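Working notes for the structure below.
The values are calculated or read from the model by the stated rules, or taken from the named source; none is laboratory data. A quick note: this is a predicted structure, and the numbers were derived from the prediction, not measured. Positions of Cβ are generated from backbone atoms using ideal geometry, with glycine treated the same way; all protein chains shown enter the neighbour counts.
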Amino acid sequence: MFARSYPYIDEKGRPAEYVDRKRSLWLLSVVYPLFPVAAVWLHHVTGSEWLLIAPIIFSYGLGPLLDWAFGEDQSNPPEQTVPALENDYYYRVLTWLTVPLHVISLVVAVWWAATAGLSLPGWLALAVVAGLASGLAVNTAHEMGHKRSAIEQLLTRIALAVPAYGHFTVEHNFGHHKHVATPDDCASARMGESIYRFALREIPGGLRRAWRIESWRLRRRGHRPWGLRNSIIQSWLLSVLLQGSLIAVFGGTTLLFLLIHNLVAWFQLTSANYVEHYGLLRQRRPDGSYERCQPHHSWNSNHIFSNLLLFHLERHSDHHANPVRRYQSLRHFDDLPRLPTGYFGMFLLAYVPPVWFRVMNPRLLALPHVAGCLDRVNR
């Protein structure tokens, strides 16, 4: 299962084989969402509430260091092998297995918060850690939500039920991908816009846009928006079932725990959206429409460690240019907008806006297709 080669014909017409060196390492993306369980275990074993924040230290302290230590991977699978890679069920099964782990992480965190007698700081720390893990559920849904298979669509809804963000797939697939890197997109950050101002625009804007899109789809087919045919409502009902059950079992304080958890999870998505398209702009054609989305309309990162934890999310340029490509076959392109580190480090920069602007604004203006011209940036 972990060792497989994919035959192809090389540039000189000779038979060759491609081996995905990261094949077994993608398991890191599967187990990474279990870090609340690891935090609970550490607290249980040691009695130290400080260890409840170990996942935060690992992700945002050690993560950027490991990205620096392991460097970047700019290799691509040979294009001839991509159909075989995409049809290898090993890769998609990994994403399927991740979904129940998101549910387990949330249930364990809520159980421990309700029964372990934590202090208020410890309780809050666990709520934040659980929210960080459930932010990853949106990433899992992001990978599967572009796929047409019934099982992946169902698992996407379940994954989004964990952070109560059921409108994401509609908003992302039919709103964000259509308007990305334009002033019309609430999920594309503008130059000079702090992440906090962006969040106030992106979170409610995404919900409104998703509801408009889904309502229009249903009305076009002769159905009412308020019904079980509405995919957003389907995921919301799953959230009510999951989170309502946890409140019923573990008591009223669980409601506050889940609210904090949900907000943290939503802000993780906001952080990713902020980083991925900051200041980038598609140019208008003579007819007033925008040019087709191309790889240089997304910020890219090839940092090995964080990509292995995020199902290659950071190869975002190829994802937007080719949305149905699966994570294992996403490509690096030369001369793309490149982030100086992986997402964990970039999130930290974004949370301190003056530092973010100092790092990213010169990088944005220096891009070849921008060349210092403010009319070529989203602002």
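Structure notes:
- The sole residue among LEU132, LEU126 that is crowded, with 24+ Cβ neighbours inside 10 Å, in contact with a helix residue (DSSP H, G or I) (Cβ under 8 Å, 6 or more places away or on another chain) and within 21 Å of LEU255 (Cβ to Cβ) is LEU126.
- Pair list, Cβ under 8 Å, 6 or more apart: segment 191-212 residue within 16 Å of ALA164 (Cα to Cα), other residue surrounded by fewer than 18 Cβ atoms within 10 Å (Cβ to Cβ): TRP211/PRO225
- Residue match in segment 355-367 (condition: in contact with a His (Cβ under 8 Å, 6 or more places away or on another chain) and modelled with pLDDT of 95 or more): yes
- A search for C-beta distances below 8 Å between a residue of segment 213-230 that is over 23 Å from LEU154 (Cβ atoms) and any residue that is modelled with pLDDT under 95, counting only pairs 6+ apart in sequence or on different chains, returns ARG219/PRO225.
- Complete set of residues in segment 106-152 that are within 30 Å of ASN87 (Cβ to Cβ), polar (S, T, N, Q) and at pLDDT 95 or above: ASN139, THR140
- Applying the criterion of at least 1 residues that are under 15 Å from the mean Cα position of the chain (by Cα) to the helices (runs of 4 or more DSSP H) found wholly in segment 282-367 leaves 304-309, 316-321, 343-350.
- Remark: pairs (first residue in segment 17-30, of a type in the set (Asp, Glu); second residue assigned to a helix (DSSP H, G or I); Cβ separation under 7 Å; 6+ apart in sequence or on different chains) = ASP20/GLN328.
- Checklist (1) out of contact with any strand residue (DSSP E or B) (no Cβ under 6 Å at 6 or more places or on another chain); (2) among the hydroxyl-bearing types (Ser, Thr, Tyr); (3) in contact (Cβ under 8 Å) with a residue 24 or more places away in the chain applied to SER48, failing item: (3)
- One residue from LEU65, LEU118 being aliphatic (A, V, I, L, M) and free of Cβ contacts under 8 Å to residues at least 40 places away in the same chain: LEU65
- Looking only at residues of segment 282-316 that are under 30 Å from TYR91 (Cα atoms) and basic (Lys, Arg), we find that the one that is surrounded by the fewest Cβ atoms within 10 Å (Cβ to Cβ) is ARG292.
- Some residue of segment 296-311 being farther than 20 Å from LEU136 by Cα and of a type outside the set (Ser, Thr, Tyr): yes
- Which listed residue is hydroxyl-bearing (Ser, Thr, Tyr), within 24 Å of the chain's Cα centre (by Cα) and not in a helix (DSSP H, G or I), from SER59, SER75: SER75
- Residue that is of a type outside the set (Lys, Arg) and farther than 18 Å from SER271 by Cβ, where the choices are VAL138, VAL170: VAL170
- ARG338 vs. criteria crowded, with 21+ Cβ neighbours inside 10 Å, at pLDDT 95 or above, touching a helix residue (DSSP H, G or I) at 6+ places or on another chain (Cβ under 9 Å) and of a type in the set (Lys, Arg): no
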